[in-house]
Amino acid sequence: MKKAVVFSVVAAMIAATVGVAQAQQRDGISIVGSSTVYPFATVVAERFGKAGSFKSPKIESTGTGGGFKLFCDGVGVQHPDISNASRAIKASEFETCQKNGVKDIVEVKIGYDGIVVANSKKGPALKLTTKDIFLALAKEVPDPKGGSKLVANPYKTWKEVNAALPDAKIEVLGPPPTSGTRDAFLELAMEPGALKFESLKKLSKEDAKMFKKVFSSLREDGGYIDAGENDNLIVQKLGSNPNALGIFGFSYLDQNGDKIQGSFVDGSQPTFENIANGKYPLSRPLFFYVKKAHVGVIPGIKEYLAEFTSEKAWGKDGYLSEKGLIPLPDAERKQVADSVKALKALTEVK
C-alpha cells in the first residue's frame with residue numbers, strides 16, 4: 001500500500017515537472033477571442049513587444065465564444081493564456097473551465113464599446129429604431145396584417161419596414177453565432193425591438209424561452225449575412241456596396257470615419273461621448289480573461305497585464321482611447337487595476 005502511495009506521489013511530481021518544462025518551451029503569450037477587443041489587444045501587444053523585454057504576444061481573432069472554447073480546454077502550453085471577450089463569461093463557460101482544470105481565472109474589464117450599425121458614406125445616413133432593426137433582421141415577425149401570429153419575415157426593403165427609411169434592399173453584414181458582438185447585439189437591439197410589440201411583450205412574460213428564440217433567430221434569406229469574425233472585411237465590403245449595412249464595434253467606425261457612417265439608433269448617434277455617458281443604447285463592456293496558472297510560467301503575462309491596465313494605455317488620455325476604447329470611470333479603473341495586480345480570481349459567475 002505504501003509503495004503504491006509513494007509511486008503515485010512520484011508520478012504526480014514527474015507530470016508536474018514535465019508540464020512546467022513544456023510550458024517553458026513557449027516563450028510568448030498566446031491570446032485568442034473577440035474580434036472587437038482584437039484591435040486594442042494588438043496595440044498593447046505591439047507596444048509591449050517594442051519595450052524589448054518580452055516577445056510580442058500572438059493574438060488570434062476567433063470570436064468571443066470560440067475564444068472561451070479554446071481557453072477553457074485546459075492548462076498547459078498547448079492552451080491559450082488569455083481570452084479577449086466582448087461580453088462577460090457565461091456561467092456555462094466558467095463551469096467548463098472548472099471541469100477542465102482551469103480553476104483560477106482573472107477577469108479584466110477594460111472599458112466600454114458601442115455596437116454600430118454602419119453604412120458607406122456614399123449612401124444615406126440612417127435614423128433607425130430598435131423596432132426597425134428587429135423587423136429588418138428577425139427570422140420571424142408579427143404578421144403585418146394583424147394579430148399575434150408570427151410569420152416568415154416578409155420585408156425586403158427598409159422602406160417596407162419604415163416609410164421614413166430609404167427604398168433600399170435590406171442587406172446587413174454581421175457577426176457569426178460565436179461572436180460576443182452578436183450576443184450583445186441580440187440583447188441590446190433585437191430584444192428591445194421585439195418588446196415594442198404587445199404580442200411579443202406578452203410572450204416574454206408567458207414563455208421566456210420561446211421569446212428568446214424569436215428575438216435571437218436572425219433571417220437566413222439574404223437579409224442578414226454572416227460575415228465571419230473579420231470586421232475589417234465588413235468595412236471593406238461596405239465601401240463597395242453603398243446599400244449594405246454592417247454590424248461591428250465602435251472602434252472600427254472610429255478608425256474608418258472617412259469611409260463609413262454610423263446610423264442613429266433610437267435618436268442617438270454612436271459617438272465616443274454618447275457611449276461614455278450611456279446615451280447610445282447599443283453600448284456594452286469589454287473584457288479579457290487570464291489563466292492564473294500560466295502567470296509566472298509563460299514569460300511576460302504579469303508585465304502585459306501591467307501595460308494594459310496602465311493609465312498611459314487605458315486611461316482617459318491613453319493610447320487605447322485614441323483607438324476608440326471608451327475608458328472606465330476613474331474609480332472603477334483603479335479598482336480593476338488593483339484586482340489585476342493582486343491576480344484576484346473569479347469565484348462564481350451568475
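The values are calculated or read from the model by the stated rules, or taken from the named source; none is laboratory data. Since the structure is predicted, the reported quantities are computational estimates derived from the model, not experimental observations. Note: ideal-geometry Cβ built from the backbone for every residue, glycine included; neighbour counts use all protein chains shown.
I want to confirm something. Restricting to segment 65-92 and keeping residues that are of a type in the set (S, T, Y) and modelled with pLDDT of 95 or more, which single residue is nearest to Y112 (Cα to Cα)?
The initial filter retains those residues of segment 65-92 that are of a type in the set (S, T, Y), namely 83, 86, 92.
Next, only the ones that are modelled with pLDDT of 95 or more stay: 83, 92.
Values: S83: 17, S92: 24 Å.
Among those residues, the one meeting the criterion is S83.
(1) modelled with pLDDT of 95 or more; (2) in contact with a strand residue (DSSP E or B) (Cβ under 8 Å, 6 or more places away or on another chain); (3) buried (at least 18 other Cβ atoms within 10 Å of the Cβ): which one isn't true of P192, the others all being true?
For P192, the exception is condition (2).
Within segment 63-89, track down each residue that is surrounded by 24 or more Cβ atoms within 10 Å (Cβ to Cβ), of a type in the set (S, T, N, Q) and under 22 Å from I298 (Cα atoms).
Residues satisfying the conditions are S83, N84.
So is K292 in the same structural domain as G76 (by TED's automatic domain parsing), touching a strand residue (DSSP E or B) at 6+ places or on another chain (Cβ under 7 Å), surrounded by fewer than 21 Cβ atoms within 10 Å (Cβ to Cβ) and at pLDDT 95 or above or not?
On the way: in the same structural domain as G76 (by TED's automatic domain parsing): yes; touching a strand residue (DSSP E or B) at 6+ places or on another chain (Cβ under 7 Å): yes; surrounded by fewer than 21 Cβ atoms within 10 Å (Cβ to Cβ): yes; at pLDDT 95 or above: yes.
For K292, the condition - in the same structural domain as G76 (by TED's automatic domain parsing), touching a strand residue (DSSP E or B) at 6+ places or on another chain (Cβ under 7 Å), surrounded by fewer than 21 Cβ atoms within 10 Å (Cβ to Cβ) and at pLDDT 95 or above - is met.
In segment 219-255, which residues are within 24 Å of I275 (Cβ to Cβ) and among the hydrophobic types (A, V, I, L, M, F, W, C)?
Listed by number, the residues that qualify are A227, L233, I234, V235, L238, A244, L245, I247, F248, F250, L253.
Of these, K312, K334, K302, which one is farther than 25 Å from S30 by Cβ, at pLDDT 95 or above and assigned to a helix (DSSP H, G or I)?
Details: K312 fails: farther than 25 Å from S30 by Cβ; K302 fails: farther than 25 Å from S30 by Cβ.
Unique residue meeting the criteria: K334.
Residues checked against (1) in the same structural domain as H294 (by TED's automatic domain parsing); (2) of a type outside the set (S, T, Y):
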position: V108; (1), (2): yes, yes
position: S120; (1), (2): no, no
position: L135; (1), (2): no, yes
position: K156; (1), (2): no, yes
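Anything in segment 262-286 that is crowded, with 22+ Cβ neighbours inside 10 Å and either modelled with pLDDT of 95 or more or of a type in the set (S, T, N, Q) (or both)? List them, or say none.
Passing the criteria: G262, V265, P270, Y280, L282, L286.
Scan segment 43-59 for residues that are surrounded by 17 or more Cβ atoms within 10 Å (Cβ to Cβ), touching a strand residue (DSSP E or B) at 6+ places or on another chain (Cβ under 6 Å) and either assigned to a loop (DSSP other than H, G, I, E, B) or basic (K, R) (or both) and jot them down.
Selection gives P57 alone.
Out of K323, K334, K350, K344, report the one residue that is basic (K, R), more than 20 Å from D113 (Cβ to Cβ) and surrounded by 14 or more Cβ atoms within 10 Å (Cβ to Cβ).
From the options K323, K334, K350, K344, the qualifying one is K344.
Return the residue satisfying two criteria in turn: it lies in segment 63-82 and is in a loop (DSSP other than H, G, I, E, B) and touching a Lys or Arg at 6+ places or on another chain (Cβ under 8 Å), and of such residues it is farthest from E95 (Cα to Cα). Give the derivation first.
First, pick out the residues of segment 63-82 that are in a loop (DSSP other than H, G, I, E, B): 63, 72-81.
Imposing the further condition that a residue be touching a Lys or Arg at 6+ places or on another chain (Cβ under 8 Å) reduces the set to 75, 77, 79-81.
Numbers: V75: 15, V77: 21, H79: 17, P80: 17, D81: 18 Å.
Residue satisfying both the conditions and the ranking: V77.
Within segment 90-179, considering only strands (runs of 3 or more DSSP E) that don't extend past its boundaries, which have at least 3 residues that are of a type in the set (A, V, I, L, M) and surrounded by fewer than 21 Cβ atoms within 10 Å (Cβ to Cβ)? So that I can check it myself, show each step before the final result.
On the way: elements: 105-120, 140-142, 150-152, 172-174.
The strands (runs of 3 or more DSSP E) meeting that bar are 150-152.
What number of residues in segment 180-200 are in a helix (DSSP H, G or I) and closer than 20 Å to S263 by Cα?
Residues flagged as in a helix (DSSP H, G or I) and closer than 20 Å to S263 by Cα within segment 180-200 amount to 14.
Mind telling me which of the residues A85, A91, A51, A41 ends up being assigned by TED's automatic domain parsing to the domain that holds S310, touching a Ser or Thr at 6+ places or on another chain (Cβ under 7 Å) and either more than 18 Å from T181 (Cα to Cα) or of a type outside the set (S, T, Y) (or both)? I'd like the intermediate steps shown before the answer.
On the way: A91 fails: touching a Ser or Thr at 6+ places or on another chain (Cβ under 7 Å); A51 fails: touching a Ser or Thr at 6+ places or on another chain (Cβ under 7 Å); A41 fails: touching a Ser or Thr at 6+ places or on another chain (Cβ under 7 Å).
Exactly one residue qualifies, and that residue is A85.
From A125, A136, A152, grab the single residue that is small (G, A, S) and over 25 Å from S240 (Cα atoms). Talk me through it step by step, then tell me what you get.
On the way: A125 fails: over 25 Å from S240 (Cα atoms); A136 fails: over 25 Å from S240 (Cα atoms).
The conditions single out A152.
Starting from segment 218-233, take each residue that is touching a residue at least 24 places away in the same chain (Cβ under 8 Å) and list its partners that are charged (D, E, K, R), counting only C-beta distances under 8 angstrom and pairs at least six apart or across chains.
So the pair list comes out as L218/K139; R219/K139; E220/K139; G222/E171; G223/K156; G223/E171; I225/E171; A227/K237.
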